[in-house]
1. Going by average Cβ density within 10 Å per residue, which order do the peptides 63-75, 21-33 take, highest to lowest?
2. Hey, what do the phi angles of segment 55-72 turn into as Karplus ³J(HN,Hα) couplings, whole Hz, using 6.51/-1.76/1.60 and θ = phi - 60°, x for Gly and Pro?
3. For segment 1-77, what's the relative contact order in percent, using C-alpha pairs closer than 8 Å and at least 6 residues apart?
4. Any chance you could count the Lys pairs in segment 1-77 whose alpha carbons are under 28 Å apart, treating pairs 8 or more apart or on different chains as valid?
5. Work out from phi, with θ = phi - 60° and the Karplus expression 6.51 cos²θ - 1.76 cosθ + 1.60, the ³J(HN,Hα) of each residue of segment 25-30, listed in order in whole Hz, and give x for Gly and Pro.
Amino acid sequence: MLTAVHHWLDKGDRTWNARQIAAEVGRVYTVDRSVDQWRRLLRREKLGYKRTSRTLPHKQHPQQVAAKQAELAALEKRGTPRNSICAMRTKRASP
């Protein structure tokens, strides 16, 4: 089982995190272990796994990003209206 996990990590066709390894081992070998157990096991076996990135720039479309940035800049340039309603009420300052 560990040799298969080692092979998955060495293959390098994707990035694995401990949760994904636990799910894949559970699916293939029907062995249920917690994610923390897999983290400890991988650390003990000196198998390096990678944390997946939490950013999404690789899934963004450049034209849509440019259009939304231009729209946001136009909204920021417009400013707030003079008679806007504030969500928070404040007390008047004492004289």
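No lab work stands behind these numbers, since they all come straight from the coordinates. Here the structure is a predicted model, which is why all the values come from computation and not from measurement. Methodologically, a virtual Cβ is constructed for each residue, glycine included, from the backbone with ideal geometry; neighbour enumeration extends over all protein chains shown.
1. The peptides rank, most packed first, as 21-33, 63-75.
2. 9, 10, x, 6, 9, 8, 9, x, 5, 5, 5, 5, 5, 5, 5, 5, 5, 5
3. About 30 percent, as a whole number.
4. Close lysine pairs found across segment 1-77: 6.
5. So the J values, rounded to whole Hz, are 5, x, 6, 7, 9, 6.
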